[in-house]
């Protein structure tokens with residue numbers, strides 16, 4: 001792994017580092033409908049209300065260029081930390097930087113009041129043909145101990161006019177005992193916490209919910225159908241339900 005220094009862009013804002021990270025790392029790594037505008041990230045890093053953005057960016061000490069980073073949003077009401085973006089510059093992948101970023105994020109963000117740490121990632125059963133890293137990314141997260149929620153997820157519209165991104169997995173990296181229940185042979189996450197998170201995420205991204213919002217109604221309906229959502233090892237990904245409304 002290249003020698004790097006990590007920049008905490010919430011504690012020490014740096015528009016130049018953010019801009020380089022956005023253009024060199026995030027833009028090549030995510031489709032337009034998945035990637036929030038740079039101005040939204042800058043605004044989120046300065047917010048002091050109930051939704052706060054956190055970002056760690058790895059800068060190559062030799063070139064001074066951003067080569068990777070991790071971005072997460074803390075939803076204070078539901079006490080959920082969502083890892084929205086974890087990316088390494090495409091030409092430097094598989095060198096250990098992604099794992100290093102996750103390890104550092106866990107250490108530096110341990111003091112945040114989060115009962116649940118989630119990440120949204122492509123479901124490789126749908127995205128493998130368009131995302132060559134989909135399966136290897138899931139394998140990496142499996143090695144890190146992440147587990148999948150048995151809930152097909154639709155990302156809200158994070159860029160105005162781009163539409164929602166479908167066929168995502170929600171992975172759990174950490175769950176406090178207060179939100180975990182034992183059901184049968186495995187563990188599950190309390191559905192009410194996930195419902196609060198989904199509502200907060202959609203409201204922050206898109207504004208007040210609409211009565212005709214089929215995606216949101218479907219997600220909330222699935223969560224209200226039971227008291228908990230099973231956690232599955234990523235080796236059992238085929239047991240995560242598929243969204244019956246799409247192919």
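Assorted remarks:
- Helix 97-108 and the longest principal axis of the C-alpha atoms of the chain enclose an angle of approximately 80°.
- Cβ-based exposure ranking for 24, 78, in which fewest neighbours within 10 Å come first: 24, 78
- The chain: angle of helix 214-224 to the longest principal axis, Cα-based, in degrees nearest 10: 70 degrees
- Stretching residue 129 away from residue 104 to a fully extended chain increases their span by 5.9 nm, per 0.36 nm per residue minus the current alpha-carbon distance.
- Take the Cβ atoms of residue 182 and residue 47, set R0 to 45 Å, and the FRET efficiency comes out at 0.80.
- Here the extension length gained between residue 113 and residue 160 equals 14.0 nm, from 0.36 nm per residue of separation less the Cα-Cα distance.
- Residue order, fewest to most surrounding Cβ atoms within 10 angstrom, among 5, 83: 5, 83
- In plain terms, if you count all Cα to Cα distances in region 116-241 and split them into 10 Å steps from zero, the share in each step is 12, 44, 35, 9, 0 percent.
- Based on the Stokes-Einstein relation at 20 °C and a viscosity of 1.002 mPa s, and on the Kirkwood radius from alpha carbon pairs, the chain is assigned a translational diffusion coefficient of 116 µm²/s.
- Region 78-105 and region 205-228: distance between their alpha carbon centers, rounded to Å: 28 Å
- Least to most buried among 197, 21 (fewest other Cβ within 10 Å first): 197, 21
- Relative contact order (%) - criterion: Cα under 8 Å, at least six apart; region: region 116-241: 32 percent
- Springs between Cα atoms under 10 Å define the GNM used for the chain, and in it the highest mean-square fluctuation of 161, 69, 50 occurs at 161.
- The chain: angle of helix 191-206 to the longest principal axis, Cα-based, in degrees nearest 10: 50 degrees
Laboratory data are not the source of any read-out in this text; all were calculated from the coordinates shown. Here the structure is a predicted model, which is why all the values come from computation and not from measurement. Every residue, glycine as well, gets a Cβ built from its backbone with ideal geometry; the counts of neighbours run over all protein chains shown.
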